[in-house]
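The values are calculated or read from the model by the stated rules, or taken from the named source; none is laboratory data. Keep in mind that this is a model prediction, so the values were computed, not measured. Positions of Cβ are backbone-derived with ideal geometry, glycine not excepted, and every protein chain shown enters the neighbour counts. Surface areas here come from the heavy atoms of the whole protein model, side chains and all, with no ligands, DNA or RNA. Shrake-Rupley method; radii C 1.70, N 1.55, O 1.52, S 1.80 Å.
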Amino acid sequence: MSLPTPFGHFRVLPLLPKFQQLYPEINLDIQLTNKNVDFITEGFDLAIRGRNVPESNLIARCLEKADLLIVASPEYLKKHGTPTEIADLQHHQCIQFILPSTGKEVSWSMLIENEVVEIQTQGHLNCSEDILATITLAQHGGGLLQTCRFIIENDLKQGKLVEVLQQYSGTQRQFSLLYPKNKYEQRHIRLFIDFLIEHLKY
């Protein structure tokens, strides 16, 4: 199974010991990557991906629609000021994640007058491959970052990160379980699919 880094760490991996206890005869081979995989040539049975489903011939089951928000560390905001409008972003360092499938920065999703608008931001810190690197940068004053709430919930509670531009929040990123149709016919894969759908209720 192929998992995106944050959804793997915060959602799926904590569940796997329970699945193993229920079905000790099933072996799990997990890859954490933010790249789209080719089910046929790379031999994957399942994948979880955010954003759009890459292939139309795959079954897609929605697991979560994760809230997006913009955050920064208190130290960064004290030094550079707190943005209050979207236009202020041009005067800030915006931490970028490079999407492996396109090689381009991921746009930021804003809710403006009840419409989802994609905003291109700019900054001098770009990360690729491991999206959790952007969290580390934000925690240590690297700049503003848009990310999923479930990744930084504890940082918000502990005051390590602060949400900004709340008036433009309300957008979400969908995470879907993907698999070829014939995979569900295999018992061990069907058991795992059903387990994930039952336990990932967000």
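List of remarks:
- Qualifying residue in the range 37-47 (condition: surrounded by 11 or more Cβ atoms within 10 Å (Cβ to Cβ) and either basic (Lys, Arg) or under 24 Å from Gln139 (Cβ atoms) (or both)): no
- Selection within the range 182-196 - part of a helix (DSSP H, G or I) and open to solvent by 50 Å² or more (accessible area, probe 1.4 Å): Asn182, Tyr184, Glu185, Arg187, His188, Arg190, Asp194
- Of all residues in the range 120-139, those satisfying the criterion of being in a loop (DSSP other than H, G, I, E, B) and surrounded by 15 or more Cβ atoms within 10 Å (Cβ to Cβ) are Thr121, Gly123, Leu125, Asp130, Ile131.
- Of all residues in the range 6-32, those satisfying the criterion of being among the hydrophobic types (A, V, I, L, M, F, W, C), open to solvent by less than 60 Å² (accessible area, probe 1.4 Å) and closer than 20 Å to Arg190 by Cβ are Val12, Leu15, Leu16, Phe19, Ile26, Ile30.
- Filtering the range 140-162 to residues that are assigned to a helix (DSSP H, G or I), under 21 Å from Pro4 (Cα atoms) and in contact (Cβ under 8 Å) with a residue 24 or more places away in the chain leaves Arg149, Phe150, Ile151, Ile152, Asp155.
- Options Leu28, Leu13: the member that is closer than 24 Å to Phe150 by Cβ, in contact (Cβ under 8 Å) with a residue 24 or more places away in the chain and not polar (S, T, N, Q): Leu28
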